[in-house]
Amino acid sequence: MTTTVAFTAFRRRLAELFDQTVSTNEPLIITRANGSAAVLISADQFDSWRETLHLVSTAENARSLAQAIDEANAGRFVDVDID
């Protein structure tokens with residue numbers, strides 16, 4: 001669930017909202033009275049989004065990823081223990 005907070009409240013609760021964003025990996029939308037907004041996300045979430053964007057950045061990558069997801073959803077996969 002994405003949380004939205006006014007900029008004034010964000011400043012007042014900065015440490016709490018920062019910690020919440022990091023621990024939940026949920027984005028925080030920060031709004032200003034003039035209607036502008038920004039989003040705070042955890043570094044882990046940011047890295048995940050960047051990786052996803054990279055994976056689907058070309059048609060071939062997107063096709064390959066979609067095929068792998070379809071195969072996994074159909075039960076055609078092998079569990080591997082990496083320990």
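Laboratory data are not the source of any read-out in this text; all were calculated from the coordinates shown. These numbers come from a predicted model, not from an experiment. Here the Cβ positions follow ideal geometry from the backbone for every residue, glycine too, while neighbour counts run over all protein chains shown.
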Local electrostatic count at ASP44 - Lys and Arg +1, Asp and Glu -1, tallied over other residues with Cβ under 12 Å: -2
Mind checking the angle between helix 59-73 and the chain's longest principal axis? C-alpha axes, 0 to 90 degrees, to the nearest 10. 80
With DSSP loop assignment and no more than 11 other C-beta atoms within 10 Å, the chymotrypsin sites (Phe, Trp or Tyr not before Pro) in the stretch 1-81 are PHE77
Compute the semi-axes of the equivalent ellipsoid of the chain, taking the square root of 5 times each eigenvalue of the Cα gyration tensor, and list them largest first in whole Å. 36, 17, 10
Label-point separation (nm) for GLU26 and VAL56, each offset 7 Å from Cα along Cα-to-Cβ? 2.2
Among residues other than SER23 whose Cβ falls under 12 Å from its Cβ, what is the net charge (Lys/Arg +1, Asp/Glu -1)? -4
Quick one: work out the % antiparallel among DSSP beta bridges in the stretch 1-53, nearest 5. 50
Longest DSSP-loop-exposure-free segment, trypsin sites (Lys or Arg not before Pro), the chain, at most 14 other Cβ within 10 Å: 33-75
